[in-house]
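The structure appears right after this line, and notes come after that.
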Amino acid sequence: MLKPIAAALHIMLIATALTACTNNSDAEIQPARKGQITIGFSQIGESSRWRAANTRSIQDAARIQNVRLIFSVAGLSQQKQISDIQSFILQKVDVIAFSPVVEAGWDDVLRAAKAAKIPVILTDRAIRTEDPSLFTSSLGSDFISEGISAAVWTKNEFRKAPGPVNVVELSGTPGSAPAIQRRAGFLEGIDGDTKFKIISSRTANFSRADGKRVMAELLRSHDDIDVVFAQNDDMGLGAVTAIEEAGKRPGKDIKIATIDAIHDGLVALSNGKINFIAECNPLVGPQLMELIQDVFLGIPVPKRVDTRETVFFRENVDQYINDRKY
Ligand code: GYE
């Protein structure tokens, strides 16, 4: 919900836009309407359904809130994200938001934004910096909790097994916040229980194709894998295919815990091929627009805003599948 003052501004902005519409041709009013907030958003890439849903949520929320959105897509390149942010600074946008592809290496460009007095909001992924004043707020999922949930599920699933329980981890983009924090959360959740052994941890770049390829390699070198901890559904779904092609039953011979809860993941969970999914919610657009409007008005905002999410098991998944649009 918009706070009253933001709602009042919103009505004012719509009124301004409507007046502009009646006085000008569309071509004239398109670039920037008077009084309208302009934000520059740098997206990581368009590599998955999760990411596409994240993009759509931000674009839809901007349209609904009458925020002018300059949107760029970085094809998984930090260099491109940095140059997109530099271009937002040159264009004098009101607020910069971005989902940082990796954690480190943002200080210089964020210092330039700060010097230009443009507030920065991080969405989805976070950054590592010595200077927290370089961003105003960070909105996203609690990746540590997601990793903990996957570990707690694993411990519970194998509570009666004598062990050792051999785990392989398929991790996401090296250096990215979700890859680093989901692993840290998983280790925290295992809590030093020596019954659980991570016998291999390999990156599969959050990608389904890489998940399949890496899992096929792991299956050739290990015949004793009990659990796959895939840091997202796409890699887990790739692993499902690799396990089937190796003549084993995913979800039975080898258990699979993943993160995200995209539609394909929920279907695999319902079919028993994936066993557990911790949700990572990409639909951050409405929360992001609220933050942006508050920041624009000078209303203090929390440094950290978590997105709301849940966990799914085979027992509870069916009621959610039809509503999942991504
Ligand atoms: O889990 C993954 C995507 O940054 C949390 O990025 C996000 C992750 C998400 O590629 O599927």
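The values are calculated or read from the model by the stated rules, or taken from the named source; none is laboratory data. The shown structure was predicted, so the numbers you read here are calculated from the model rather than taken from an experiment. Cβ: placed from backbone, ideal geometry, glycine included. Neighbour counts: every protein chain shown. Ligands, DNA and RNA are stripped out before the accessible areas are found, and what is left, the full protein with its side chains, is counted by its heavy atoms. Shrake-Rupley method; radii C 1.70, N 1.55, O 1.52, S 1.80 Å.
Some points to look at:
- Note on the chain: GNM, Cα springs under 10 Å; of G189, G163, G140, the largest mean-square fluctuation is that of G163.
- Protection proxy ranking, highest mean first, for peptides 260-273, 212-225: 260-273, 212-225, where packing is the per-residue count of other beta-carbon atoms within 10 Å, averaged.
- Long-range HN-HN contacts of E279 with modeled amide H, under 5 Å: D260, T310, V311, F312
- The chain: most fluctuating residue of A115, A126, A257 per GNM, C-alpha cutoff 10 Å: A115
- Gyration tensor verdict on the range 76-201 (Cα atoms; rounded if a/c is under 1.5, prolate if a/b is larger than b/c, oblate otherwise): prolate
- Legend: residues R304, R314, sorted from most to least accessible area (1.4 Å probe; ligands, DNA and RNA excluded), read R314, R304.
- Residues T38, T129, ordered by accessible area of protein heavy atoms at a 1.4 angstrom probe radius and largest first, appear as T129, T38.
- Label-to-label distance, nm, for residues given as A246 and F71 (7 Å Cα→Cβ offset): 3.9
- Under-5 Å amide H pairs with V305, H placed in peptide plane, nonlocal only: S138, L139, G140
- q = 0.17, 0.18 Å⁻¹, the range 232-326: log10 I(q)/I(0) [Debye, one scatterer per Cα]: -0.73, -0.78
- 0 to 90° range, to nearest 10: angle between helix 78-90 axis and the chain longest Cα axis: 10
- When the residues V165, V102 are ordered by accessible surface, computed with a 1.4 Å probe over the protein chains alone, the sequence from largest down reads V102, V165.
- In this simple spin-label model, placing a label point 7 Å from the Cα along the Cα-to-Cβ direction at both A112 and R159 gives a separation of 5.4 nm.
- Close amide H partners of G45, meaning residues 5 or more places away or on another chain with modelled amide H under 5 Å apart, are A74, G75, L76.
- Whole-Hz couplings from phi, Karplus 6.51/-1.76/1.60, listed for the range 283-295; x for Gly and Pro: 8, 8, x, x, 5, 5, 5, 4, 4, 4, 5, 5, 4
- A full extension of the chain between N322 and R202 corresponds to an added length of 39.9 nm, given 0.36 nm per residue minus the alpha carbon distance.
- Using a simple spin-label model with pseudo-atoms 7 Å out from Cα toward Cβ, H222 and R308 lie 3.7 nm apart.
- Annotation note: GluC sites (Glu not before Pro) in the range 121-157 located in DSSP loop regions with a Cβ neighbour count of at most 16 within 10 Å are E130.
- Taking a ≥ b ≥ c as the square roots of the eigenvalues of the Cα gyration tensor, the range 143-279 is classed as rounded, since a/c falls below 1.5.
- Residue-normalised accessible area of the range 143-279, expressed per residue, 1.4 Å probe, Å²: 38
- For the chain, the average shadow cast by the Cα convex hull is 18.1 nm², which is a quarter of the hull's surface.
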